[in-house]
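Take a look at the structure set out below.
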Amino acid sequence: MKTVAERFFAKVDKNGPVPAHRPELGQCWIWTGYRETTSSGSRGMVTANSRRERSHRAAWRLAHGSIPDGLWVLHRCDNPLCVRASRLFLGTAKTNVADMISKGRHCHGSRVAWAKLDEADVIEIRRLRALGGRLAPIAARFGVSESLICMVCRRYHWKHVA
């Protein structure tokens with residue numbers, strides 16, 4: 001009878017891609033077993049003892065033991081199908097968001113589906129305001145609120161635009 005680890009690794013391709021942003025990590029180990037497709041992409045899933053969990057969490061458990069309550073298993077390589085234990089690390093939801101932002105994977109600026117402005121608009125708004133333009137006419141021109149114009153000019157929003 002095969003061990004849990006043997007059954008797990010029978011569904012792992014150790015010749016996966018090398019992440020372009022972190023080539024020093026080497027190849028990803030890709031989960032080839034069952035995958036659950038969500039709006040954010042495909043995730044590997046494992047069922048053991050009538051319990052389903054994501055494959056990278058199972059990989060962590062096999063390599064390091066239990067996962068403390070409240071912690072997530074995160075990927076250094078940003079490949080949700082990678083189960084290589086050396087790529088995984090523990091963190092909180094806050095750590096996950098900080099990691100996502102530091103790697104530029106978050107949706108901001110004109111990439112936000114409901115954004116009413118784009119980067120060129122923000123530059124023009126800041127230029128008009130620097131020339132002494134008043135909030136109300138600028139807001140009317142761009143079809144947004146005066147408070148948004150104020151937040152754009154004070155760099156509370158659209159911080160990434162120089």
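Read-outs throughout are calculated quantities, based only on the coordinates presented, and are distinct from any laboratory measurement. Keep in mind that this is a model prediction, so the values were computed, not measured. For neighbour counting, all protein chains shown are included, and Cβ atoms are generated from backbone atoms with ideal geometry for every residue, glycine included.
Here are a few things to note about the model shown:
- Relative contact order %, region 109-153, counting alpha carbon pairs below 8 Å whose residues are six or more apart: 33 percent
- Cα gyration tensor, region 109-153 - rounded (a/c under 1.5), prolate or oblate: prolate
- Sequence-ordered 3J(HN,Hα) estimates for region 147-159 from the Karplus curve with 6.51, -1.76 and 1.60 and θ = phi - 60° stand at 5, 5, 4, 4, 5, 5, 5, 8, 6, 6, 10, 6, 4 Hz, glycine and proline given as x.
- Of the Cα atoms belonging to the chain, the radius of gyration and Dmax stand at 22.4, 78 Å.
- 3J(HN,Hα) from dihedral phi, region 29-37, Karplus parametrisation 6.51/-1.76/1.60, rounded to Hz, x for glycine, proline: 9, 8, 6, 10, x, 4, 10, 9, 9
- The residues packed around residue 25, meaning those with a beta-carbon under 14 Å from its beta-carbon, carry a net charge of +4 if Lys and Arg are +1 and Asp and Glu are -1.
- Calculated mean residue ellipticity at 222 nm for the chain: -9500 deg cm²/dmol, from DSSP H runs with n ≥ 4 weighted as -39500 (n - 2.57), summed, divided by the residue count and rounded to 500.
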